[in-house]
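The numbers here are math on the coordinates, done by the rules we state, and not lab data. All of these numbers come straight from a predicted model, not from anything done at the bench. Positions of Cβ are backbone-derived with ideal geometry, glycine not excepted, and every protein chain shown enters the neighbour counts.
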Protein chains: 2
Amino acid sequence: MSASTPGATHPDLEALQELLDSRPLLPLLPMIYMAWADGELHERELLELRERMTTKLGLSASDQQVLASWLDPQNPPGPVALRYLLRALHRDADALATDERLSLAELGLRMARTAPPEEGSPGEEELRTSLREIEDALGVVSTEAAEHLRPEPREHPAQPPSRNLDFEPDKLGELLDAPHQTTRQMVRDLLASDAFAYNDGLPLKDYRELVVTWLRALADAGIGERCVPEKRADGTRDMSEFLAIFESLGHFDLSLLVKFGVQFGLFGGSIMFMGTEHHHRTYLPRVASLELQGCYAMTEMGRGSNVRELETTATYEHASRSFIIHTPTETARKEWIGGAGTYATLATVYARLIVEGVNHGVHALLVPIRDDQGQPMPGVRIEDQGLKMGLNGVDNGRIWFDQVRVPRENLLNRYGNVSEDGHYESPIPGPNKRFFTMLGTLVAGRLGVSAAGLSAAKSALTIATRYSDQRRQFGPAGAPEIPVLDYRMQQRALLPRIATAYALTFALRELTRRYNSVDPDRRQTEALAAGLKAYASNFALGASQAAREACGGQGYLWLNRIPAIRTDVDVFATFEGANVVMLQQVAKARIGEYAHELNDGNVFTMARVLARQATRTLSETNPLVTRNTDTKHLDDADFQLSALSYRENDLVAGVARRIKRRIDEGMDSFEAFNDCQDHVIAVANANIERFVLECFIDAEKATEEASLRRALSQLRRLFALSIIESDMAWFLENSYVQGAKAAAIRDRVNSLCSELRPDAVAFVDAFQIPDALLSAPIAFADGKAPADAQTQHARGIATP
Amino acid sequence: MSASTPGATHPDLEALQELLDSRPLLPLLPMIYMAWADGELHERELLELRERMTTKLGLSASDQQVLASWLDPQNPPGPVALRYLLRALHRDADALATDERLSLAELGLRMARTAPPEEGSPGEEELRTSLREIEDALGVVSTEAAEHLRPEPREHPAQPPSRNLDFEPDKLGELLDAPHQTTRQMVRDLLASDAFAYNDGLPLKDYRELVVTWLRALADAGIGERCVPEKRADGTRDMSEFLAIFESLGHFDLSLLVKFGVQFGLFGGSIMFMGTEHHHRTYLPRVASLELQGCYAMTEMGRGSNVRELETTATYEHASRSFIIHTPTETARKEWIGGAGTYATLATVYARLIVEGVNHGVHALLVPIRDDQGQPMPGVRIEDQGLKMGLNGVDNGRIWFDQVRVPRENLLNRYGNVSEDGHYESPIPGPNKRFFTMLGTLVAGRLGVSAAGLSAAKSALTIATRYSDQRRQFGPAGAPEIPVLDYRMQQRALLPRIATAYALTFALRELTRRYNSVDPDRRQTEALAAGLKAYASNFALGASQAAREACGGQGYLWLNRIPAIRTDVDVFATFEGANVVMLQQVAKARIGEYAHELNDGNVFTMARVLARQATRTLSETNPLVTRNTDTKHLDDADFQLSALSYRENDLVAGVARRIKRRIDEGMDSFEAFNDCQDHVIAVANANIERFVLECFIDAEKATEEASLRRALSQLRRLFALSIIESDMAWFLENSYVQGAKAAAIRDRVNSLCSELRPDAVAFVDAFQIPDALLSAPIAFADGKAPADAQTQHARGIATP
């Protein structure tokens, strides 16, 4: 056994004893230690330090000799001697154990007090002055360095920080759950049951089989039927329960979500919205029960976004009363079709409808692609897309059609039909409007992607926030390590995103309400749905990425769920409409409104628009406002909404001018738009952010319970100010804020982060995600996932 | 067969014939078509339009009747009639096929010209005026709408845009390859050989086995030996060839890169740098040949970043001349140890060294963890970490030690040793300096992560750029679809990142040179290496994400390489030092320099620092400069570097003031730093970006060949202005630029994107990444990957 205390014979100990025995050197010990501890002093500095110590304290020759041996650049003290010196400091100066931040001079004074005063030794004030002068030679770092002298033992405090706000997470959760709270809870409970345990690391084939098993369990529980709501008196259907189900599914495996969305949303939805009675009767019950698995074959290899120019043809042959579906070129192959890889037997196929030799544009038809045995139908070729970055539980496939014949009835003929005598007919004469009406079936899909992306982001944020609240790393010297959520950067990575998750929940509720009601401005709703899809999916990518990084290496482990969320959600930026295309769509609608306002030929409108702009300019860019750094003002919803509205209106007017100038100069309108594309996209973002903030403010106002309203109020402040901060260059460039106000907003984001930090866990708990769905061991105080989930994980992972 | 032309009996045709037969209605046909095509007109508007047409053109009663039948809100024309109307327009008006952008009025005029003039019909000027007045009723959208009248057929032009710049990609590539061009080429050739074909979708175990096979192939080709350079006269080793190899490996599978880095960089490096002759002789040849596979066991579960407080102990027992390695708590288990999962037999273990009962801080020892049969050694427990987000070819493991004994010689004893008589000794007395010296072995690792992240980003950018140059989507009406790289947003996503890849290449070369030479300021170099690690890894994440999104769904397919790059590279932000911690390190060093300058007690230095700040303020925030929007000025390297230096210095001074104020007010320095953490991180970014730009400018100046210098010059402009643009809020807030200049910089980034776009492919080709390494089919003009790579892919992917 090695000695547990140093042997008295250790050579370094004699040198130390000399030092400790000298009364005049005692107050210098902390500085002597620090002179070597960092190893940062140059020879010149060491000698200067020695010189100052000697003269300031009037050291005797023998003391000088001892000091020289400890501050000799040519012959540094040994590591053991230094270690013992630190021990001696700890033993003799209780000062080191206090929480006070003392300078080296002050610590030296305390050391001096540990020995009885000697004849002729300087008085305390005199000594303090001398020590301070000596300390200057060590430079400004000394105060920080002194902290390193503290004893090492740390203990973790058991208490979490006490909460700032007094809301109950459950009550806040109920508010987020409305409407369809019961349905949401039912779906969450179902997903938390044993039948839905995660099983990571399966081979593709097995994973896909598992996902279909889950899908069947949903259908068996009657969820499929809820996705086929009855027609209302006006012929529409209320899709809000479907969207609530979809949102709840977003907390679980996203491959299941996508399969569910394809079966009930896209495939089932295409039959509901574009089909007529015959189709509804024939197919919908079998869709709901999953007896019939379908897919939605819109995208082609060559036309990802440009759906209007799909190349697949559906040519009507009157003699046989049938359509001939054909893939005329390689680029016309159907691509990315979820469900087509393995399971789907029937496809909704989008194709150019050709009747009597005339192309009537893209229509949808039901085309059988597999027989009961799962074999491709004659003329149909199918290829699996193979391994993807994520969503590997979805069997995406490519499809080629070689003159495949389907009966006339297979045309989904609500908006375009072939009459019994073989002529094309449609209730919508204009090809453009017809095209966009049929694409309108995608709107629910876009709301669905927004909802699911939001739920996935909430899961990732919950895991990361709970972990950051527990995980400790570094801390003040001598004190316990602090939770990483106490770090400003960690707060900035997570808290504004939690606030955004709340904001998007309210925006989604409002947009769903508009979508499901008699809407005075359907085009605006559709544009906002496209915009929200881009905004929410982009948010989901960013939030899950932030969660990944916030959890460090733990966030990279599949077991902790975040990698699955992050990789699955990545394609949300692409499918159901690539985000840039979606943002262009919302911007075009907004610019169109503006142009319409300006150009409706009505002098009064024109005057009103211009007057509004002028008023705004006068009141909002008034120096009293642009320089107002008062917290009350910054927190004010009116200020925040004005700022976002001002930005939106200014960007719209600006881009309209720029585009018009280019067109006037002879540019094609397409080129003119593209030449301003970054500006166009800025319009879209500004439009959506203003809309989302409006929804948040409305939700806040509608909340009666005071503790909940206070909670929402704080989140809304952080959300709004974070948005303004992230586009501060715009506000400064356009003199909407002055420099001092910009700094004040940044500071306010920081202080809101600090204020909200103690409630961070309560805010994510209000998302009400069942433990079994979170599953990540790091999301739990004991580092253990719910039992069944963990067993499943262990099963899925190869061990050596 | 259906008729290829409409049957003459079609009911809609009669109505059309009436319309076409009326001479006065001819000029109205484009407007009549447009009135229905979009389906946007309300009843009121339709009636108003009809009214205007009637009065302006003085239509006869019969014409009015025909017109009324075509503009009847209660009875819209059939879709077939509209379709035929469009056909008629196409047949009769060649105008529609021209590239000119004509108004509906102008198109109407052309239609009118297709019929012989009639008695009493209005003259052309009169007609034009009337038509224009009618057109107003359709609103501003008509000019854009008119484009939709054009015939549909599109043809793709075969010609790519001709290049703007005249550099040869190969020559530019040589410049990027220096130094060690031959080595880089050798490694790339080796990786492009059949032995290194990708094989995606393998089960974990097989994938890991494949990676070890690759690692062995590298060792067999003598690459391992090159990683153990001879000691130079001064005892140091030139690691630049190792880093060149590592950088080249970054284009291939990153699991191999990490395994390589662990074996030769961390494990081999720890022996080289912390071991002494005995260790070098005993181990290095077997490390180089891969006869001995090792791992680097630093990280513990509880201490990811806070390495100084690792809990594992190595207690010296003099009687047996051995160390006892022990894991005292669960949080002390070694975690994330690459190679430990399956293959490593020897580990460099970091542990608190306890000698004679005294803790001398963290030291490294060699500890056998497996026997020759691959079984854990007695007292060693190992667990596989399981599935990760990426890098699944790396066998990461956890290790627990239960009183494991190793001989005294196993301490890597260059910086801390136990003497023959059992006392601790070290050439570095101060524990801080000793700790950081030992951690200095991580510096090469951080340079390596920067290099590899950069290479991975280059691969992703190459694939995305080549694809974006080929892939077409949308376009002006009637014209061919345009390559997606012609879109402003696509350019903005890719081109500044290509420029940054060049910038980082030069910064890395310079930092590697400093690291390998006698360095007057080693601390600064180490801080910059930490900072560059954070900056380059963050860049790699962003660039591979941008590439993923730029390729749409194709970027989500594993076959196209980007998902592998994106998911593998994600953890680069975490390992070898979490990015926030790295940035704090570089910021602290920079703030320390500043404090030192200000506080060295020398009045002259102080005066110099203040004077420098004053001069800067006077000359740079002069309105002539802050408002200068001249392109020549914006492009100027001096302006760009001044801007980044000004920002850096101002941020440093500002944060130093803020931290000092907090400390003066009684805050602990740790808390004070944390309270300003966002500001501290901003200092770090500013510091690194200034350094990178300096390196880029130096490289540009050193380039003699004019065409290459011009190319670099354009890239440097885009890089620098993009950086300034992305932090524009700072420059505006601090009045370094005025609003107009901010707008000019944004415009200049846009115009540089346009200017560089035709050379984008040449710029990525200059990265010289072999086709076999890119492998992605979308990166090749024929959509086909190199044969062998594709075969491999097909083999790895499950097909139905």
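Could you tell me how many degrees, from 0 to 90 and to the nearest 10, lie between the Cα long axis of helix A:522-550 and the main elongation axis, the longest principal axis, of the Cα atoms of chain A?
The two axes meet at around 30 degrees.
Using alpha carbon centroids, what distance separates segment A:294-373 and segment A:238-262, in Å?
Taking the Cα centre of segment A:238-262 as reference, the centre of segment A:294-373 is 26 Å away.
Ranking request for peptides B:121-129, A:492-500: highest mean number of other beta-carbon atoms within 10 Å first, then the rest in descending order. Could the numbers behind the result be given before it?
Numbers: B:121-129: 14.2, A:492-500: 24.8.
Top to bottom by mean Cβ count within 10 Å: A:492-500, B:121-129.
Could you give me the radius of gyration and the Dmax of segment B:285-337, taking only the C-alpha atoms into account and expressing both in angstrom?
In Å, with Rg to one decimal and Dmax whole: 14.1, 36.
If we count other beta carbons within 10 Å of each Cβ, what is the order of A:Lys231, A:Lys533, fewest first?
Numbers: A:Lys231 11, A:Lys533 31.
Ordered from fewest to most neighbouring Cβ atoms within 10 Å, A:Lys231, A:Lys533 come out as A:Lys231, A:Lys533.
With a ≥ b ≥ c taken as the square roots of the eigenvalues of the C-alpha gyration tensor of segment B:464-586, please select rounded if a/c is under 1.5 and otherwise prolate if a/b is larger than b/c or oblate if it is not?
On the way: a/c = 3.39, a/b = 2.26, b/c = 1.50.
Prolate shape, in that a/c is at least 1.5 and a/b is the bigger ratio.
Separation of segment B:448-525 and segment A:734-756 by C-alpha centroid, Å?
One Cα centre to the other: 33 Å.
Averaged across orientations, what area in nm² does the convex hull of the alpha carbons in chain B project?
Numbers: hull surface 187.8 nm².
Averaged projected area of chain B's Cα convex hull equals 47.0 nm².
Using modelled backbone amide H atoms (1.01 Å from N, in-plane), which distant-in-sequence or interchain residues come within less than 5 Å of A:Tyr296's amide H?
Residues meeting the criterion, in which the H sits 1.01 Å from N, are A:Gly338, A:Thr348.
Suppose each label sits 7 Å from its Cα in the direction of the beta carbon; what would the A:His633-A:Arg163 distance come out to in nanometres?
The two pseudo-label positions are separated by 3.4 nm.
For helix A:277-289, report the angle its Cα long axis makes with the longest principal axis of the Cα atoms of chain A; keep it between 0 and 90° and round to the nearest 10°.
So the inclination is approximately 40 degrees.
Report the convex hull volume per residue for segment B:293-436, counting only C-alpha atoms, in Å³. Walk me through the intermediate numbers first.
Working: hull volume 16.1 nm³, N = 144.
Normalising the Cα hull of segment B:293-436 by residue number yields 112 Å³.
Which whole-Hz ³J(HN,Hα) couplings does segment B:700-714 yield from phi under the Karplus relation 6.51 cos²θ - 1.76 cosθ + 1.60, θ = phi - 60°, glycine and proline marked x?
4, 5, 7, 8, 8, 5, 4, 5, 6, 5, 4, 5, 5, 4, 4
Can you give me the long-range amide H partners of B:Arg237? Hydrogens built in the peptide plane at 1.01 Å from N, cutoff under 5 Å, separation of 5 or more residues or another chain.
Excluding prolines and chain starts, which carry no amide H, the hits are B:Arg232.
Using each residue's phi in segment A:319-331, evaluate 6.51 cos²θ - 1.76 cosθ + 1.60 at θ = phi - 60° and report the 3J(HN,Hα) Karplus result to the nearest Hz, with x for Gly and Pro.
Residue by residue, segment A:319-331 yields 4, 9, 6, 9, 9, 10, 8, 8, 9, x, 9, 5, 5 Hz.
With the crude spin-label approximation of a point 7 Å out along Cα→Cβ, what separation in nm comes out for A:Glu383 versus B:Gln65?
6.1
Taking amide hydrogens as modeled 1.01 Å from N in the peptide plane, which residues meet the under 5 Å criterion relative to B:Gly361, leaving out close sequence neighbours?
B:Leu353
Hey, what do the phi angles of segment A:638-643 turn into as Karplus ³J(HN,Hα) couplings, whole Hz, using 6.51/-1.76/1.60 and θ = phi - 60°, x for Gly and Pro?
Values, residue by residue: 5, 4, 5, 5, 4, 4 Hz.
Arrange A:Arg561, A:Arg281 by Cβ neighbour counts within 10 Å, fewest through most, would you? Provide the component values of the computation, followed by the final result.
Numbers: A:Arg561 30, A:Arg281 10.
Lowest to highest Cβ neighbour count: A:Arg281, A:Arg561.
Can you work out the base-10 log of I(q)/I(0) for segment A:402-467 at q = 0.17, 0.19, 0.20, 0.28 1/Å, using the Debye formula on its C-alpha atoms alone?
Debye intensities relative to I(0), on a log10 scale: -0.77, -0.86, -0.90, -1.12.
What average count of beta carbons from other chains do you get within 10 Å of the Cβ of residues in A:79-85? Each step should come with its number before you reach the end.
Numbers: counts 17, 9, 1, 6, 9, 1, 0.
For peptide A:79-85, the averaged partner shielding equals 6.
Going by C-beta contacts inside 10 Å, put B:His326, A:His596 in order with the fewest on the left. Don't jump to the answer; show the numbers that get you there.
Working: B:His326 21, A:His596 13.
Listing B:His326, A:His596 from fewest to most nearby Cβ atoms yields A:His596, B:His326.
Any idea which of A:Gly453, A:Leu721, A:Gly552 is furthest toward the positive side of the dipole for chain A, if Lys and Arg beta-carbons carry +1 and Asp and Glu beta-carbons -1?
Working it through, the farthest residue towards the positive pole turns out to be A:Gly453.
Could you please state, rounded to a whole Å, how far the C-alpha centre of segment A:376-428 is from the C-alpha centre of segment B:660-701?
Value for the Cα centre distance between the two parts: 58 Å.
With axes computed from alpha carbons, what is the tilt in degrees of helix A:61-70 against the longest principal axis of chain A, rounded to the nearest 10 within 0 to 90?
Here the helix axis deviates by roughly 30 degrees.
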